[in-house]
Amino acid sequence: MSSQSFSKNTTITTLQKLKQKGEKFACLTAYDACFAKILSEAGVEVLLVGDSLGMVLQGHDSTLPVTMEDMVYHMACVKRGNAGALLMADLPFMSYASETQTLENAARLMRAGGQIIKLEGGAWIADTTRSLAERGIPVCAHMGLTPQSINRIGGFHVQGRDTEQAQAIIEEAQILEAAGASMLLLECVPRDLGKKVTDALEIPVIGIGAGPDTDGQIMVLHDVLGVSPITPKFVKNFLLDSSDGIPGAVTDYVQAVKEQTFPSEEHCFH
Ligand code: KIV
């Protein structure tokens with residue numbers, strides 16, 4: 001493979017540089033090869049094989065039933081279609097309950113094509129993050145609304161609305177950065193908290209329902225294409241105004257993120 005083709009691939013360093021330059025980047029979930037090709041060719045920098053597949057592909061009402069087998073299968077599908085995006089994979093519910101289990105499962109996802117592993121949690125995943133990072137596995141910590149904890153949280157609610165909870169999110173994000181996290185994903189928090197966390201960290205922060213100030217934006221593919229059964233406030237259907245079907249909708253999403261016209265005020269929590 002030529003050095004030129006290597007240089008086209010998005011890496012964590014690419015995203016770090018974009019953060020330093022103040023340039024936004026676009027991420028989307030992907031679960032199969034065809035969409036991985038369309039999305040990566042449209043300039044989406046990060047493809048997440050998210051455990052949201054339990055809801056949008058499998059029809060469950062939460063992400064809890066998703067297994068490692070599901071994740072490895074979809075990761076391998078996405079890798080086959082990818083044209084240079086950074087590939088992120090979720091560790092599903094209860095697949096990182098002990099250190100040995102975490103390392104084995106993260107390795108399975110990396111062997112299937114993953115390049116960075118996402119897991120949900122705050123300071124309590126600091127040791128796990130360190131352990132993975134020390135072994136060469138980059139980690140994206142998922143904070144704010146963490147869907148795998150839906151039964152403890154009590155619903156898909158905005159997180160960090162009171163000062164104490166917001167401060168805890170900032171401090172725990174810093175703990176995870178210090179433990180070796182390469183990226184942070186922040187879900188469903190007020191806009192000003194999204195900005196504070198992004199400013200407090202050197203690693204790239206990607207947001208979903210976290211306002212326009214995070215370094216990158218991520219959306220569930222089915223939401224962007226308007227085929228999800230529910231439409232949360234932070235979602236925009238880009239297929240509605242597309243002049244070129246699905247590829248056009250994805251291109252418009254990438255452009256809107258980069259030009260900072262999405263998310264707009266109507267998609268933000270306060
Ligand atoms: O699993 C997933 O798709 C996610 C999104 C909410 C970003 O984590």
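Observations, loosely collected:
- Screening Thr146 on (1) surrounded by 18 or more Cβ atoms within 10 Å (Cβ to Cβ); (2) over 21 Å from Met71 (Cβ atoms) shows it passes everything except condition (2).
- Under the condition of being away from the ligand (no atom under 13 Å from the Cβ), touching a residue at least 12 places away in the same chain (Cβ under 8 Å) and within 20 Å of Ser98 (Cβ to Cβ), the residues counted in the range 115-149 number 15.
- Checklist (1) out of contact with any Cys (no Cβ under 8 Å at 6 or more places or on another chain); (2) closer than 28 Å to Gly54 by Cα; (3) aliphatic (A, V, I, L, M) applied to Val197, failing item: (2)
- The set of residues in the range 98-144 that are in a helix (DSSP H, G or I) and basic (Lys, Arg) comprises Arg108, Arg111, Arg130.
- Going through (1) out of contact with any Gly (no Cβ under 6 Å at 6 or more places or on another chain); (2) of a type outside the set (Asp, Glu); (3) surrounded by fewer than 19 Cβ atoms within 10 Å (Cβ to Cβ) one by one, Asn82 falls short only on (3).
- Odd one out for Ile203, checked against (1) within 14 Å of Lys19 (Cβ to Cβ); (2) within 16 Å of the ligand (Cβ to nearest atom); (3) under 15 Å from the mean Cα position of the chain (by Cα): (2)
- Which listed residue is modelled with pLDDT of 95 or more, in contact with a helix residue (DSSP H, G or I) (Cβ under 9 Å, 6 or more places away or on another chain) and within 16 Å of the ligand (Cβ to nearest atom), from Phe234, Phe156: Phe234
- Looking only at the range 25-34, and only at residues there that are more than 12 Å from the ligand (Cβ to nearest atom) and crowded, with 21+ Cβ neighbours inside 10 Å, the one that is farthest from Ile246 (Cα to Cα): Phe25
- Among residues of the range 193-215 that are farther than 13 Å from Gln167 by Cα, those with a beta-carbon under 7 Å from a residue that is surrounded by fewer than 22 Cβ atoms within 10 Å (Cβ to Cβ) and modelled with pLDDT under 95 at least six positions away or on a different chain give the pairs Gly209/Pro232; Gly209/Phe269; Gly211/Cys268.
- Complete set of residues in the range 206-231 that are polar (S, T, N, Q) and either more than 27 Å from Lys17 (Cα to Cα) or away from the ligand (no atom under 16 Å from the Cβ) (or both): Ser228, Thr231
- Scanning the range 203-253 for residues that are under 26 Å from Leu119 (Cβ atoms) and in a helix (DSSP H, G or I) gives Leu221, His222, Asp223, Val224, Tyr253.
- Subset tally (residues that are crowded, with 17+ Cβ neighbours inside 10 Å and over 15 Å from Asn237 (Cβ atoms)) for the range 259-270: 2
- Where Arg191 falls short, out of the listed (1) touching a Cys at 6+ places or on another chain (Cβ under 7 Å); (2) surrounded by 22 or more Cβ atoms within 10 Å (Cβ to Cβ); (3) among the charged types (D, E, K, R): (2)
- Number of the condition not met by Ala112 [criteria: (1) hydrophobic (A, V, I, L, M, F, W, C); (2) under 19 Å from Tyr31 (Cα atoms); (3) over 19 Å from the mean Cα position of the chain (by Cα)]: (3)
- Residues in the range 36-73 that are among the hydrophobic types (A, V, I, L, M, F, W, C), more than 10 Å from the ligand (Cβ to nearest atom), assigned to a helix (DSSP H, G or I) and surrounded by fewer than 23 Cβ atoms within 10 Å (Cβ to Cβ): Ile38, Met68, Val72.
The values are calculated or read from the model by the stated rules, or taken from the named source; none is laboratory data. All values reported here derive from a predicted model rather than from experimental measurement. Note that we place each Cβ from the backbone using ideal geometry, even for glycine, and neighbour counts take in every protein chain shown.
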